[in-house]
Amino acid sequence: MENTLWFMARSGAPRDMNDWLPHLSDTKFEEVVALAVALNLRTFLLLRPQSNGKVSLNLPNIGAKQVWDVATLELLDTSFLVSWSDWIGLLRIPEKDGPGSCAAPDKTCQGDVPAPTLEQLEKLKKMAGLPRDCAGNEGVALLAFLYLYLGICRKQRTLPSLDIVVWSELPPGAGLGSSAAYSVCLAAALLTACEEIANPLKDGASVGRWPEEDLKSINKWAFEGERVIHGNPSGVDNAVSTWGGALRYQQGKMSSLKGLPALQILLTNTKVPRSTKALVAGVRNKLSKFPEIVAPLLTSIDAISLECERVLGEMVAAPVPEQYLILEDGKLSPLAFSGERNRLPSKGPVAAVQAQLHPESEALWLEICHVISDHVTMAGELMDMNQHHLNALGVGHASLDRLCQITAALGLHSKLTGAGGGGCGITLLKPGLERASVEAAKQALTACGFDCWETSIGAPGVSVHSAASVEDRVGQALGL
């Protein structure tokens, strides 16, 4: 059993286009391209092996803590786990690498693996002694952990005694894939602790990332955790949290977008509750009632997604030095200057890059900002068009309209992310944008009662970290 391990996964959101598309089975919807990107707000997991015969899970975000006796768990009837956990090892893994190779949503990858039934989950909940009043986020989080712990660790001679703490930078239930990041962290930690996959952290290194085959295993198990939490998830969120970067989703299949620029955004939570199920039903109803109107809207949304994909590709492929970071081989790296003696700094957020430049690089900075700004402006225009289309489909909300109005008054572009109907929205920040404009937007949004974070998209996927590389604030949040 490994010593103390630190794991981190990004939330599998926001979706640049439309969260509800993967939930719709109609051919008209399946043909539409949706883009999903990793959000640089993280979920952390601390795993410490114990010798006290206990396994404990602490979730400070929701104030939940549960301790089980390992000996009691070993007596549980887990025969129903065999059908799906054995299937996990028998699934066909295509030769193609990346999320599209076995990301879980398409049936050619997932096979005939049955989802856990409500009866099975209730049985497990009762046998494991979970409190009867354990419901909502707390209930499904504890149940998902137990499901993965028993499924992954049952091959051990005895179940391991562990102490696990999970903390996220985002509140749960915000519609930003926090449950997927939770499931990915759990899968990575348990598989590594049980030596089903090797610990990729090398001596002296601050971070380690798993090879492709191990990421597939993490992703498949994380998908099982998502099924416990959501019942019938698309598999998009856990795939984005596992691999990071950005994914293209169409007709139940996913593929990676290579070299995505790590664009800066404001993420705003309107705190308006919404039901994805109800929103999906509403869109389906509109298509049934007005097929000649809604079908062209979907075709247009598809075109917007494809154009956004093209613009993002051009931002990386542009034959000029660019100040933003790109995701390459699982880590963020600055694009190099061609024939330029001075290089832009490789660390720090976009807001700090200009301050780190040498004076002689100022003219180059201005040229860079102009070129990138053109691409970001196009991306912003696409966001505006997409938002109007989503409103026409009935998945907008007055709170999201207010968000868009506030940011538009400052020359910024925003749209909903996730299912819509409230929830969250994203605002694109141009490189070189004055700090005062960013602060003005944040103040105006928080004045409306919204929560607002400044972050980036296109971040790397799940990783394991050395204790020395973990920030003090994270350690404190995890109770150290």
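The table that follows gives values for the structure above.
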{"item": "Count - residues of region 390-439 that are part of a helix (DSSP H, G or I), open to solvent by less than 30 Å² (accessible area, probe 1.4 Å) and either in contact with a Pro (Cβ under 8 Å, 6 or more places away or on another chain) or touching a residue at least 60 places away in the same chain (Cβ under 8 Å) (or both)", "result": "7"}
{"item": "In region 178-212, the residues that are within 19 Å of Pro160 (Cβ to Cβ), touching a strand residue (DSSP E or B) at 6+ places or on another chain (Cβ under 9 Å) and β-branched (Val, Ile, Thr)", "result": "Thr192"}
{"item": "In region 440-456, residue least open to solvent (accessible area, probe 1.4 Å) [restricted to those that are outside any strand (DSSP E or B), touching a residue at least 40 places away in the same chain (Cβ under 8 Å) and small (Gly, Ala, Ser)]", "result": "Ala441"}
{"item": "Qualifying residue in region 59-78 (condition: over 28 Å from Leu215 (Cα atoms), at pLDDT below 85 and not in a strand (DSSP E or B))", "result": "yes"}
{"item": "Selected residue (criterion: nearest to Gly208 (Cα to Cα)) from residues of region 178-191 that are open to solvent by 10 Å² or more (accessible area, probe 1.4 Å) and in contact (Cβ under 8 Å) with a residue 60 or more places away in the chain", "result": "Tyr182"}
{"item": "Residue within region 279-301 that is surrounded by fewer than 20 Cβ atoms within 10 Å (Cβ to Cβ) and under 19 Å from the mean Cα position of the chain (by Cα) present", "result": "no"}
{"item": "Residues that are surrounded by 14 or more Cβ atoms within 10 Å (Cβ to Cβ) and under 12 Å from Leu130 (Cα atoms), drawn from region 58-71", "result": "Ala64, Gln66, Trp68"}
{"item": "Matching residues, region 256-272, being in contact with a Gly (Cβ under 6 Å, 6 or more places away or on another chain), open to solvent by 30 Å² or more (accessible area, probe 1.4 Å) and at pLDDT 85 or above", "result": "Val272"}
{"item": "Number of positions in region 204-219 that are surrounded by 15 or more Cβ atoms within 10 Å (Cβ to Cβ) and of a type in the set (D, E, K, R)", "result": "3"}
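The values are calculated or read from the model by the stated rules, or taken from the named source; none is laboratory data. Because the structure is predicted, anything quoted here is derived from the model rather than measured. When we count neighbours, we look across all protein chains shown, and the Cβ atoms used for this are built from the backbone with ideal geometry, even at glycine. For the accessible areas, the whole protein counts, side chains as well, though only heavy atoms, and no ligand, DNA or RNA atoms are used. Shrake-Rupley method; radii C 1.70, N 1.55, O 1.52, S 1.80 Å.
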